[in-house]
Amino acid sequence: MKALAATGDRTLVRFADAPEPAPAADAAVIQVEAFSVNRGEILAMTGAYGTPTAPGTVMGQDVVGRVVAAAADGSGPAVGTRVVGHADGGGWAERVPVPTSALVELPDAVPATTAAALPLAGLTALRLLRHVEAPADKKALITGASGGVGHYLVELATAAGIAVTAVAAAPERGARLAELGAAKVVHGVAHADGPFDVIFESVGGDVFADALARIAPGGTVLWFGQASLQPIRLSFFDYLTVTPFTLKHFPHWVADTTDAEDLRVLVELTATGRLHPELGRVADWAETAHVLADLNNRRIRGNAVLTITA
Ligand SMILES: NC(=O)c1ccc[n+]([C@@H]2O[C@H](COP(=O)([O-])OP(=O)(O)OC[C@H]3O[C@@H](n4cnc5c(N)ncnc54)[C@H](OP(=O)(O)O)[C@@H]3O)[C@@H](O)[C@H]2O)c1
């Protein structure tokens, strides 16, 4: 079958022949109609952490399509069911196995391109918010808010009653965030009025310390990324007189819920008009290398989705 394989160089991916999926007993095979790409996949391919992905590897987690082979263990949807899933890699391909614990049926009302934007970014935002106790009337700062996770976080946090200040590099990068509910959209943390009960931080470098300087007494920092690739620098002494705050490290895969349970929530919110995936780019999968470059260079707002025409 046709797939997009990692090249190991700056082109990131190119079309290649890949073997047909060999699913585990608890996985269904999906005929992929649309998938999304995430910054995390670029970071993995370029070796931002650890060894770069081996050339030939097929990346891809967020997929929408139809089941062409049901799971051998009898779990999950039947052949022909339209689904959205969170694959463990291999999704930038015509067919991919997805564990049924990470797969849900997709109602006709939700277009494939919209649903493909949901899994990784949506699960991350949903699970981040579960770390906020008694969210109503809290004030939150969201850095990197113009990105895939950021748009969901702004809308879901606002719906939970949080007054959100969203940081985006420029007006066009933050154009949707006020519509999704942000109380304020600022272009740089320096323009954010604190103090904030919660800080969602995923940019790193100086942004982290600038954001932390705005923490409210007893506040919480949810630390979930380093999009700038720059490590954070902090001096303990800058916070000596601050009432203790909590710093929580957040990996999205540590959760009490399955991906399927949370995908069901995201699909339901989308189908009922309470969640609005921001599709900054939709293109044919032949354009994936260009789209990845644009995502890497902060030229895409929200999520980027690629489609596979039969
Ligand atoms: N912990 C987890 O489980 C988990 C899960 C998913 C994602 N993540 C991480 O969370 C972060 C956001 O993910 P995402 O998929 O939403 O990424 P994304 O769509 O690329 O968004 C990242 C945002 O960061 C902002 N940014 C500020 N300075 C940047 C810089 N120097 N380089 C790149 N971006 C910069 C950009 O906004 P402006 O251009 O407007 O400044 C961009 O929109 C990434 O670091 C990702 O690896 C972590």
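Of Asp197, Asp284, how do they rank once you tally other Cβ atoms within 10 Å and put the fewest first? Intermediate values should be presented prior to the final figure.
Details: Asp197 23, Asp284 11.
Fewest to most other Cβ atoms nearby, the residues stand as Asp284, Asp197.
Across the range 102-118, computed HN-Hα scalar couplings (Karplus, 6.51 cos²θ - 1.76 cosθ + 1.60, θ = phi - 60°) run 10, 9, 9, 5, 10, x, 4, 5, 9, x, 4, 5, 5, 5, 5, 7, 7 Hz from first to last residue, x flagging Gly and Pro.
Would you mind finding the longest exposed-site-free stretch of the chain, with exposed trypsin sites (Lys or Arg not before Pro) meaning DSSP loop and at most 14 other Cβ atoms within 10 Å? Display every interim value, and only then the final one.
Numbers: sites that count: Arg10, Arg130, Arg233, Arg274, Arg299.
In the chain, the maximal stretch lacking such sites is 11-129.
Counting charges near Gly302 (Lys, Arg +1; Asp, Glu -1) among other residues having Cβ under 15 Å from its Cβ returns a value of +1.
About its Cα centre, the dipole of the range 132-249 is roughly 60 debye, where the only charges are +1 on Lys and Arg Cβ and -1 on Asp and Glu Cβ.
Over the range 189-303, one equal point on each Cα, no solvent: what is log10 I(q)/I(0) by the Debye formula at q = 0.10, 0.16, 0.22 Å⁻¹? The Cα Debye sum returns log10 ratios of -0.46, -1.02, -1.22. Using the Stokes-Einstein relation with a Kirkwood hydrodynamic radius computed over Cα pairs, the translational diffusion coefficient of the chain at 37 °C and a viscosity of 0.692 mPa s comes to 165 µm²/s. DSSP beta bridges confined to the chain are antiparallel in about 55 percent of cases.
With θ taken as phi - 60° and the Karplus curve 6.51 cos²θ - 1.76 cosθ + 1.60 applied, the whole-hertz 3J(HN,Hα) list for the range 85-100 is x, 10, 7, 9, x, x, x, 8, 7, 5, 9, 8, x, 10, x, 5 Hz, x standing for glycine and proline. Entry note, the chain: the mean residue ellipticity at 222 nm calculated from DSSP H runs of n ≥ 4, each adding -39500 (n - 2.57), is -6000 deg cm²/dmol after division by the residues and rounding to the nearest 500.
Can you give the local net charge around Lys2? Use residues other than it whose beta-carbon is closer than 9 angstrom to its beta-carbon, Lys and Arg +1, Asp and Glu -1. Spell out each step's value before the answer.
Working: positive: none; negative: Asp17, Glu94.
Around Lys2, the charge tally is -2.
Note down the relative contact order for the chain as a percent, whole number, built from C-alpha pairs under 8 angstrom at least six residues apart. Before the final figure, lay out each step's value.
On the way: 734 pairs, mean separation 55.8, N = 310.
Once divided by the residue count of the chain, the mean separation gives 18 percent.
Shape of the range 1-131 from the C-alpha gyration tensor: oblate (a/c of 1.5 or more and a/b not above b/c, with a ≥ b ≥ c the square roots of its eigenvalues). Net charge of the neighbourhood of Thr143, taken over other residues with C-beta under 10 Å away and scored Lys/Arg +1, Asp/Glu -1, is -2. Label zone of Val79 (point 7 Å out along Cα→Cβ, amide N under 12 Å): in the range 20-47 this covers 29. Its alpha carbons give the range 10-70 an Rg and a Dmax of 13.4, 37 Å. Fully extending the segment from Ala209 to Glu20 would add 63.3 nm, taking 0.36 nm per residue of separation and subtracting the current Cα-Cα distance. Once you sort the root eigenvalues of the Cα gyration tensor of the range 132-249 as a ≥ b ≥ c, which label holds: rounded (a/c under 1.5), prolate (a/b larger than b/c) or oblate (the other case)? Oblate, since a/c reaches 1.5 and b/c is not below a/b. Overall form of the range 218-268: prolate. Here a/c, set by the Cα gyration tensor axes a ≥ b ≥ c, is 1.5 or more, and a/b is the larger of a/b and b/c. Taking amide H positions as modeled 1.01 Å from N, with prolines and chain starts lacking one, the residues under 5 Å from Leu106 and 5 or more places away or on another chain are Arg82, Val83, Val84.
Dipole orientation for the chain: of the candidates His276, Ile42, Gly205, Gly205 has the Cα lying most toward the positive pole (charges on Cβ; Lys, Arg +1; Asp, Glu -1).
Each value in this text was obtained by applying a stated rule to the coordinates, not by laboratory testing. For clarity, every value in this text was computed on a predicted model and none was experimentally measured. Note: ideal-geometry Cβ built from the backbone for every residue, glycine included; neighbour counts use all protein chains shown.
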